[in-house]
Amino acid sequence: LDRIDLTMMGLVLGVTVVGLKVVGLILVVALLIIPPVTARFWTNRVELVVLLAGAFGGISAWLGAGLSASAPDLPTGPLIVLVSFGAFAISMAFAPRRGLLSSLVRHRRFQTGVHVRQGLLALAQGQPIYEPLTIRLLRGRGLARADGMPTREGAIRAARALRDEKRWEIARATPALELAAARYDGRTRIEEVLTADQIAEIDRRIGPPEAVQ
């Protein structure tokens, strides 16, 4: 263990030993665990986690003690734990990077992107689209007509998506590009992964793009 680990373990041990006699086991455990976990939803940096955990713990203790003082029948310790848990629940739900809401939004965007791309590939190859969501998304973006045929913009986007898919197929079959090709998730454009020279070499193997009628 390095010096930082030993220091943190020593601080945790000291807080636990002192806190057990002062406030009891439940409050000590709650304030040692909940604030750091809450802070972790908001940042990846260790120093910020430490600062935020201290802030969450201090605010929870202040609010819990204040609520207990305003209502003498309510015990201080459980109120502090409840306030701390409330901060944890809010962070878990609404944190911009790790919160449940942001995760749902990212999943929805990813799902939409996959449906649109697969729909464009189907249009480019003249295949029927049976998934109602895919058809609805394509029509909503002006890429397909009510009869399932592509619009002018849809045909251009479909040809571009098909060529991009062919590029990925060659990249996956090329040992030197195998690691980069593993990043393909069904919607990532190859320009986001490979260099211009690598794409140019792949295009040379594919041939010139076909004109869209």
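The values are calculated or read from the model by the stated rules, or taken from the named source; none is laboratory data. Bear in mind the structure is a predicted one, so any value in this text is a computation, not a measurement. We place every Cβ from the backbone using ideal geometry, glycine too, and count neighbours over all the protein chains shown.
Overview of values
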quantity	calculated
Residue in the stretch 163-177 that is part of a loop (DSSP other than H, G, I, E, B) and more than 27 Å from the chain's Cα centre (by Cα) present	yes
Helices (runs of 4 or more DSSP H) fully within the stretch 1-85 counting 1 or more residues that are under 22 Å from Arg98 (Cα atoms)	25-40, 46-70
Out of Arg109, Arg97, sole residue that is within 30 Å of Arg163 (Cβ to Cβ) and of a type outside the set (S, T, N, Q)	Arg109
Residue match in the stretch 108-130 (condition: more than 22 Å from Asp185 (Cα to Cα) and hydroxyl-bearing (Ser, Thr, Tyr))	no
Matching residues, the stretch 10-49, being modelled with pLDDT of 85 or more and among the hydroxyl-bearing types (Ser, Thr, Tyr)	Thr38, Thr43
Ile202 being at pLDDT 80 or above, surrounded by 13 or more Cβ atoms within 10 Å (Cβ to Cβ) and either farther than 17 Å from Leu121 by Cα or not aliphatic (A, V, I, L, M) (or both)	yes
Any hit, the stretch 138-161, residues being under 28 Å from the mean Cα position of the chain (by Cα), assigned to a loop (DSSP other than H, G, I, E, B) and either of a type in the set (S, T, N, Q) or surrounded by fewer than 18 Cβ atoms within 10 Å (Cβ to Cβ) (or both)	yes
Among the candidates Leu79, Leu133, residue that is touching a helix residue (DSSP H, G or I) at 6+ places or on another chain (Cβ under 6 Å), more than 30 Å from Pro209 (Cβ to Cβ) and either free of Cβ contacts under 8 Å to residues at least 60 places away in the same chain or not assigned by TED's automatic domain parsing to the domain that holds Gly54 (or both)	Leu79
Test for Leu52: is it surrounded by fewer than 16 Cβ atoms within 10 Å (Cβ to Cβ), in the same structural domain as Ile26 (by TED's automatic domain parsing), without any contact (Cβ under 8 Å) to a residue 24 or more places away in the chain and touching a helix residue (DSSP H, G or I) at 6+ places or on another chain (Cβ under 6 Å)	no
Of all residues making up the stretch 182-199, the number that are surrounded by 15 or more Cβ atoms within 10 Å (Cβ to Cβ) and either over 20 Å from Ala161 (Cβ atoms) or touching an Asp or Glu at 6+ places or on another chain (Cβ under 9 Å) (or both)	2
Enumeration of residues in the stretch 1-23 that are within 16 Å of Glu47 (Cα to Cα) and either exposed (fewer than 10 other Cβ atoms within 10 Å of the Cβ) or small (Gly, Ala, Ser) (or both)	Arg3, Ile4, Asp5
Pair list, Cβ under 6 Å, 6 or more apart: the stretch 160-176 residue assigned by TED's automatic domain parsing to the domain that holds Gly119 and under 15 Å from Arg204 (Cα atoms), other residue surrounded by fewer than 17 Cβ atoms within 10 Å (Cβ to Cβ) and among the β-branched types (Val, Ile, Thr)	Lys166/Ile206
Which numbered condition Gln125 misses (of (1) in the same structural domain as Leu27 (by TED's automatic domain parsing); (2) surrounded by fewer than 12 Cβ atoms within 10 Å (Cβ to Cβ))	(1)
Subset of the stretch 179-199 (residues that are under 27 Å from Gln111 (Cβ atoms), of a type in the set (D, E, K, R) and at pLDDT 80 or above)	Arg183, Arg189, Glu191, Glu192
